[in-house]
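The values are calculated or read from the model by the stated rules, or taken from the named source; none is laboratory data. Nothing here was measured: the structure is a model prediction, and the numbers come from that model. Virtual Cβ from ideal backbone geometry, glycine too; neighbours counted across all protein chains shown.
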Amino acid sequence: MKRFFFLLFIPFLFSCSESEKQKNTGINFSYTIDTVQVNPGEHLIFISRYLSTSAVSKDQKWLYNLNVSVPEMEFIDLENLKFDQVVPLEKEGPEGIGTSVSDLHVSDQGEFFFIGYRSLVKADAALENFQRYRIEPEQFKGDSLGESEGVDFGYVISKDGKKLFGTYSKQQFNGPTRGLAILDLASMELKTIPIPELESLVDFNISQFNEDGNPRMSTIERVWVKEFDGKIYLANTARNEAFIYDPELDSLVHKQFQATLTANAKKGLYTKSTYSDEEMRKAWDEKENEVSFQEIFYDPTYEKFWRVSTDLDRMIGDSAVIKKVLTIFDRDLNQLHEEQIKFNISGSLTYFKEGNLHTFINLEDELGFLIIKPNYE
């Protein structure tokens, strides 16, 4: 999926900081695949946005799927795999969820968080009471941001619903990512954790300018931010690495992994700056043929992390054949295993339940799940 950014010296202090390089340690791994379909009844379940505005309850009994175009919240019974009910919502007004919601989070207490560009609305579990937050630097207390810096769009909400986790960056065209931002939603207290290694991700951007030399758009590298067991994990699409921040210890660990089936980083062998639409498309196609690392998913049953990466396998004439590689890590992000796979993992809705990975699949315009059942014996 193409990602474009449209126009619109902090001290590095920790009680502990480490950098580690990891190779496979080896496990026996196999899996089986099942496919299931949700019974929609008489209702047409909203899947046209690939469930990008959906979330699963803590007990994994319910899927909440926001139809942003109406808007309304669909309740899907995951125990019985059937549509249950729909709750109408409003976009504007005191009980509005916002006009441009692009992500949905649900806290462990069942609170809903509707995320849009510089817009955050919280609703209680009954979807009756709403609270708005302004995610803007002038609202923050605590750590100071530099000139033109701000919290990036694409943040997540903590499992307890009390904090925001994301990255912060220079908010300008091709502005570098500075590090991790943690915002207390009650006090609006901001804590920043500089991560200098993230700043060079802009080196992989492709930027397009108009005839006057003014910037039009730029592809950017994604930084994934996740919370597992009280720690915050950051990974990115450009390099085979991850950062683990422990809030209790105020410590940051940098993990660097060694792949055998893909490259360990993008090479950047494509045009980085252009004035031409055609050259922009060509550069993007060339970039798509380089390695890309996706987000990590944690399985609390087997205490394993999974991550899929893609890379060029071979060329057939002018057509590129892209391979998908699954890498498995233990709970401390020590690399255990990697192998080439044929199945896809959805970037919109994927979760582990009872040790099995569930990922969204479109079954002839109906909601379904691909279920990957691993065996580590």
Any idea which of TYR245, TYR233 is within 27 Å of LYS323 (Cα to Cα) and buried (at least 19 other Cβ atoms within 10 Å of the Cβ)? TYR233
Quick one: what pairs do we get from the range 97-112, first residue over 16 Å from LEU63 (Cβ atoms), second of a type in the set (A, V, I, L, M), C-beta under 6 Å, 6+ apart or different chains? ILE97/LEU89; ILE97/VAL121; GLY98/VAL121; VAL101/VAL68
Within the range 40-63, track down each residue that is basic (Lys, Arg) and in contact with an Asp or Glu (Cβ under 8 Å, 6 or more places away or on another chain). LYS58, LYS61
Which ones in the range 359-377 are assigned to a strand (DSSP E or B) and farther than 12 Å from THR32 by Cα? THR359, PHE360, ILE361, ASN362, LEU363, GLU366, LEU367, GLY368, PHE369
Given the criteria modelled with pLDDT of 95 or more, under 21 Å from ASP203 (Cα atoms) and either assigned to a strand (DSSP E or B) or among the hydroxyl-bearing types (Ser, Thr, Tyr) (or both), does PHE293 qualify? yes
Among the residues of the range 354-368, how many are under 15 Å from TYR31 (Cβ atoms) and either more than 19 Å from the chain's Cα centre (by Cα) or surrounded by fewer than 17 Cβ atoms within 10 Å (Cβ to Cβ) (or both)? 3
Taking the range 245-259 and the residues there that are in contact with a Lys or Arg (Cβ under 8 Å, 6 or more places away or on another chain) and part of a loop (DSSP other than H, G, I, E, B), the one that is nearest to ASP229 (Cα to Cα) would be PRO247
If you go through the range 154-170, how many residues are surrounded by fewer than 18 Cβ atoms within 10 Å (Cβ to Cβ) and in contact with a Gly (Cβ under 8 Å, 6 or more places away or on another chain)? 1
